[in-house]
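The values are calculated or read from the model by the stated rules, or taken from the named source; none is laboratory data. As the structure is a computational prediction, the values presented were derived from the model and not from experiment. Glycine gets a Cβ as well: all are built from the backbone with ideal geometry, and neighbour counts include every protein chain shown. Accessible surface areas use protein heavy atoms only, side chains included; no ligands, DNA or RNA. Shrake-Rupley method; radii C 1.70, N 1.55, O 1.52, S 1.80 Å.
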Amino acid sequence: MAAAAGDNPETRPRSATMKKIMAVGQRGRVRIRDLKEKKARGEKIAMLTAYDAAFARLLDAAALDVLLVGDSLGMVVLGYETTIPVTLDDMLHHTKAVARVTRHALVVADMPFLTYQVSVPDAVRNAGRLIQEGGAAAVKIEGGRAVLDVVERLVSVGIPVMGHLGLLPQSVHQLSGFRKQAMTADAAERLMDDAVALDQAGVFAIVLESIPDEVAAAVTERVSAPTIGIGAGPGCDGQVLVCHDAFGLAGEYSPPFARRYAQLGELISAAAREYVEEVRSGAFAAHALK
Ligand code: KIV
């Protein structure tokens, strides 16, 4: 609808949320270089997952550095028990929604199971779709030396890659469940070798999931890429949480390391109950007539 005469969109009063969104827009895009510079300055990197436009708008206004369209969407949005059933089409659908509205954060899309393990050409094609069609700026893949050829090829064709070590949810069956990793000296050494190999192959950051704090701190000190921890202690260069865990939307189960910053699940349940009562009593939509 055209603005009425005298209703100039430039001078119209704006809500606090709108002002914040505009301020974030003016801050410009987070780039990969910014993350490296943050590590060099000792500034922590803040990352959360997002799967749709509503959350992406809100989280982007909070000035996060990175929004990850994680394949955790399979568990917290699509109702699967693991991330394994998530497809490239699922990831494209959700990445597009997040990328469409994000103005500030770096948008990273997870490559789902079997989209990068079969062959390097397959991986390039699939990662390329997440960037070209999905609108992501980078992709994340799980694994260390086992996926090195893929990382090297993606980086060489201009697709930034975030690594992911420790608890690898796509390998949940091989790992016999979602359990803490790198618990022995040998396993910690293997993880360190994987991290160094990924760093040398050119990843721009490495997620460290569910490993002892001291192993994560040692990796963080050793590699040039920023490390982003989840259940890996305070020694990482940044932290990531699944937004449904962070805001109380994950239902009964949340991993032990997740911290709740809000209880949105309880708020939504109470609001839904109030709505049902008001519909049944006729209180809604009676007020709409006033
Ligand atoms: O899929 C995801 O949400 C992730 C985070 C746990 C890092 O990989």
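Brief remarks follow.
- Share of carbon and sulfur in the accessible area of the chain stands at 54%, probe radius 1.4 Å.
- Rule-of-thumb Rg ratio for the chain [Cα; 2.2 N^0.38 Å; N residues]: 1.11
- Maximal additional length on extending the ILE268-ALA187 stretch stands at 24.9 nm, based on 0.36 nm per residue less the C-alpha distance.
- Each label point was placed 7 Å from the Cα along the Cα-to-Cβ direction; for ALA63 and ALA286 their separation is 4.7 nm.
- Cα gyration tensor category, rounded, prolate or oblate, for region 95-237 with a/c compared to 1.5: prolate
- Total charge dipole magnitude, region 111-229, about the Cα centre, Cβ charges on Lys, Arg, Asp, Glu only, Debye to nearest 20: 340 debye
- Spatial separation of Cα centroids for region 201-267 and region 146-166, in angstrom: 20 Å
- Distance (nanometres) between label positions extended 7 Å along Cα→Cβ at SER156 and GLN200: 1.6 nm
- Extension gain for the segment SER224 to VAL101, taken as residue separation times 0.36 nm less the Cα-Cα distance, is 41.2 nm to one decimal.
- Label-zone membership for region 105-124, site GLN174, 7 angstrom Cα→C-beta point, backbone N under 14 Å: 113-119
- A Cβ-based charge dipole, computed about the Cα centre of the chain with Lys and Arg at +1 and Asp and Glu at -1, lands at about 1080 debye.
- Relative to the current alpha-carbon distance between ARG29 and THR87, full extension at 0.36 nm per residue lengthens the span by 18.1 nm.
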